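Structure record follows, encoded as structure tokens.
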Amino acid sequence: MLFWSLIFMNPYVKLLLDAMKHSGCAVNKERHFSCEDCNGNVSGGFDASTSQIVLCQNNIRNEAHMNRVVTHELVHAFDHCRAHVNWFTDVRHLACSEVRAANLSGDCSLVNEIFRLHFGLKRHHQTCVRDRAILSILAVRNISKEVAQKAVDEVFESCFNDQEPFGRIPHNKTYARYAHRDFQNRDRYYSNI
Ligand SMILES: [Zn+2]
């Protein structure tokens, strides 16, 4: 894919890859990424059984879109690495990871910036994260919208506030760069103990 070589320069991606390595789940560029043609308008996916991230080369529109897709899927991979996630047996686990992926990947930040500018809606980001998490669940599970909504609402507060490994909501690349720097410093303190 055209933007492929640029992805590892992105601060969101760099931070998530560092964090995964730190948690003992180093990502191999060749083994853990797969570029495929996908059905419908799906842009990407995380296959928990192989720990592989699928990028839908036919639906990824540009470099910014690809960065968001890779970041979104890497949040799932990070969650899979650091915790025992019951992706298929407990919909709340999936809901939590979808809330985190929507919150931290920038999926809601572009819209958010525009809304903040025009309407000053501070809660817009939260609404966007909730809506996207519900849509993501419905895309991969054959359950009703009500069940998906209930799962997201049950976990929303704790999972929205769990911003690991960013430690903040990275609204743009500058925030993501700061988050990466803070993460590297955190690492340094630990290794000095
Ligand atoms: Zn997702």
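Cross-chain or 8 or more residues apart, Cα under 21 Å: how many lysine pairs in the chain fit that? Count them up, please.
The result is 4.
Would you report the distance distribution of C-alpha pairs in the stretch 1-86 as whole percents per 5 angstrom bin, up to the bin with the largest distance?
3, 15, 27, 28, 17, 8, 2, 0
Please list the equivalent ellipsoid semi-axes of the chain, computed as the square roots of five times the alpha-carbon gyration tensor eigenvalues, in descending order and whole angstrom.
With the √(5λ) rule applied to the chain, the semi-axes are 23, 21, 19 Å.
Enumerate the helices in the chain for which the Kyte-Doolittle hydropathy averages 1.0 or more and the C-alpha atoms extend at least 18 Å along the helix's axis, using complete DSSP H runs.
None pass (Cα extent of 18 Å or more, hydropathy at least 1.0).
Based on DSSP, what percent of beta bridges with both residues in the chain are antiparallel, to the nearest 5? Don't jump to the answer; show the numbers that get you there.
Details: 4 of 8 bridges.
Within the chain, antiparallel bridges account for around 50 percent of the total.
In a Gaussian network model over the chain where Cα atoms closer than 10 Å are linked, find which of Arg82, Arg177, Arg130 has the largest mean-square fluctuation.
Highest fluctuation among the options: Arg82.
FYI, it's all coordinate maths here, none of it is from the lab. What you see is a predicted model; the values in this text were computed from it and never measured.
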